[in-house]
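Following: one structure in structure tokens, then a few remarks.
The values are calculated or read from the model by the stated rules, or taken from the named source; none is laboratory data. Everything numeric here is computed off the predicted structure, so don't read it as measured data. Reconstructed Cβ throughout: ideal geometry from the backbone, glycine too, with neighbour counts over all protein chains shown. Quick note on the areas: whole protein, heavy atoms, side chains included, nothing else; ligands and nucleic acids left out. Shrake-Rupley method; radii C 1.70, N 1.55, O 1.52, S 1.80 Å.
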Amino acid sequence: PRRSSEDSGGATKDITSLNQLWNTLRQQKQRQMAKEPPKVNSLKAPTPIHSPAPSRTPDPIGARKVMTPQPLKRRKSNVSFRESRDGRTVTATFNLPGIKKNNAHVSYRGSYLTVTWETVKITEIDEGGTLVREREKKEFSRTIPLPEGTKFEEVGARMDDRYLILTYPNMRSVRVEPR
């Protein structure tokens with residue numbers, strides 16, 4: 001079936017009118033979306049440097065603030081290593097203030113000693129007659145390599161109010177098997 005020139009002219013008018021309609025709808029949608037806050041946090045404008053103090057009430061979904069990442073704080077290690085005078089043993093002293101003996105654990109696995117401990121911080125805040133209790137639990141772990149052939153009996157551990165002290169054979173000392 002062939003189309004006449006009149007039919008093609010009518011189809012062109014219909015396409016042109018549909019394009020105009022779609023363009024009008026797109027412009028209306030763009031204006032509407034420009035008035036609404038963005039749904040993706042990364043598209044929001046950065047907040048000014050001088051922002052009001054943070055409140056404990058939850059923010060509405062559209063009013064969240066953009067947080068800039070803070071640099072990591074480098075912490076001093078909580079363990080120090082000392083070699084004995086004769087060079088046969090190493091003493092590892094863990095500084096664990098406020099950690100109770102039942103929250104610290106030393107495990108012996110083949111050629112490794114693993115020390116794990118945890119801290120628990122509980123805060124209570126009264127918010128308008130409602131008591132809010134937050135429990136923050138942090139777990140820490142440190143693994144120390146031991147010389148090949150180290151026996152369980154050669155490792156010593158003791159703990160006082162602040163320090164966990166481990167004693168184990170030095171890797172650099174030469175092992176001589178008894179005859």
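For this structure, a couple of remarks:
- Built amide H within the under 5 Å cut-off of LEU146, gap 5+: TYR112, LEU113
- Site pair LEU18 and GLU83 shows an inter-label distance of 8.4 nm when each label is modelled 7 Å from Cα along Cα→Cβ.
- Largest accessible area first, the residues PHE81, PHE152, PHE140 order themselves as PHE152, PHE81, PHE140 under a 1.4 Å probe with ligands, DNA and RNA left out.
- Simple label model, 7 Å out from Cα along Cβ direction - LYS35 to MET67, nm: 3.3
- ³J(HN,Hα) computed for each position of region 87-96 - Karplus, 6.51 cos²θ - 1.76 cosθ + 1.60, integer Hz, glycine/proline x: x, 8, 10, 10, 10, 9, 10, 9, 8, 10
- Residues GLU148, GLU118, GLU134 ordered from highest to lowest accessible area at a 1.4 Å probe: GLU148, GLU134, GLU118.
- Amide H contacts of THR89: SER84, ASN170, each under 5 Å away and 5 or more positions distant or on a separate chain (H built 1.01 Å from N in the peptide plane; Pro and chain starts excluded).
- ³J(HN,Hα), Karplus 6.51/-1.76/1.60, whole Hz, each residue of region 17-23, x for Gly, Pro: 5, 5, 4, 5, 4, 5, 4
- Linear extension gain, SER141 paired with ARG162, 0.36 nm per residue minus alpha-carbon span: 5.9 nm
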